[in-house]
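The block underneath contains the structure these notes are about, expressed in structure tokens.
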Amino acid sequence: MKDGENAKIMSYPADYKYTKEHEWIQVDGAVGTVGITDYAQNSLGDIVFVELPKIGDVLESGKIFGSVESVKAVSDLFSPVSGTVTAVNEELVGAPEKINSDANTTWILKVELSDAAQLSGLLSAADYEAFIAEETGH
């Protein structure tokens, strides 16, 4: 897709799971890769800082693990699952705007899941799109 072409059309990868707090998780085996949705980055505007957890931190599903700061606001990040942080995206320290350019592939952290059953409580791409439509009235 060229810059500006269909820029307003937001898509949500079908193999990801989503939260109502606008995080996504892509799971490969026992490890989940977490980021924020295109809707979230679009709502925030230009992202200027990302507060990352530390490798080894234990996350709890639904609890805050960091924050994203934009020119408009600071927004807490909530873990979609419980588990242990195995990696953080250090690139975001110097280039937080990567989230704005491609929220669907710019990950924030990787987490080893402590309870894969929690994934069943998350939203599918279609459910997330319906949730956004409900939230925005579109």
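The values are calculated or read from the model by the stated rules, or taken from the named source; none is laboratory data. Keep in mind that this is a model prediction, so the values were computed, not measured. Cβ sites come from the backbone with ideal geometry, for glycine too, and all protein chains shown count toward neighbours.
A few notes on this one:
- When residues of region 65-79 are limited to those that are of a type in the set (A, V, I, L, M, F, W, C) and out of contact with any Ser or Thr (no Cβ under 8 Å at 6 or more places or on another chain), the one nearest to Asp102 (Cα to Cα): Val71
- Exactly one residue out of Lys8, Lys98, Lys110 is at pLDDT below 95 and of a type outside the set (A, V, I, L, M, F, W, C), and it is Lys8.
- Test: Val74 is aliphatic (A, V, I, L, M) and touching a residue at least 12 places away in the same chain (Cβ under 8 Å): no
- Out of Tyr12, Tyr16, sole residue that is in contact (Cβ under 8 Å) with a residue 60 or more places away in the chain, over 16 Å from Leu113 (Cα atoms) and of a type in the set (Ser, Thr, Tyr): Tyr12
- In region 122-134, the residues that are in a helix (DSSP H, G or I) and either aromatic (Phe, Trp, Tyr) or surrounded by 12 or more Cβ atoms within 10 Å (Cβ to Cβ) (or both): Ala125, Asp127, Tyr128, Glu129, Ala130, Phe131, Ile132
- Failed criterion for Lys20 (all others in (1) touching a Ser or Thr at 6+ places or on another chain (Cβ under 8 Å); (2) under 23 Å from Ser120 (Cα atoms) hold): (1)
- Residue list for region 80-138, restricted to those being touching an Asp or Glu at 6+ places or on another chain (Cβ under 8 Å) and more than 17 Å from Thr37 (Cα to Cα): Ser82, Gly83, Thr84, Val85, Thr86
- For Val68: the one exception among (1) over 17 Å from Ser124 (Cβ atoms); (2) out of contact with any Phe, Trp or Tyr (no Cβ under 8 Å at 6 or more places or on another chain): (2)
- Where a residue in region 97-118 is charged (D, E, K, R) and its partner, wherever it lies, is assigned to a strand (DSSP E or B) and surrounded by 18 or more Cβ atoms within 10 Å (Cβ to Cβ), with Cβ under 6 Å and at least six apart: Glu97/Ile47; Lys110/Thr33; Glu112/Gly83
- Qualifying position, being over 13 Å from Tyr16 (Cβ atoms), surrounded by 13 or more Cβ atoms within 10 Å (Cβ to Cβ) and modelled with pLDDT of 95 or more, among Gly56, Gly35, Gly66: Gly66
- Within region 101-121, the residues that satisfy the criterion of being surrounded by 18 or more Cβ atoms within 10 Å (Cβ to Cβ) and not in a loop (DSSP other than H, G, I, E, B) are Leu109, Lys110, Val111, Leu113, Gln118.
- Going through (1) in contact (Cβ under 8 Å) with a residue 40 or more places away in the chain; (2) of a type outside the set (A, V, I, L, M, F, W, C); (3) assigned to a loop (DSSP other than H, G, I, E, B) one by one, Thr86 falls short only on (3).
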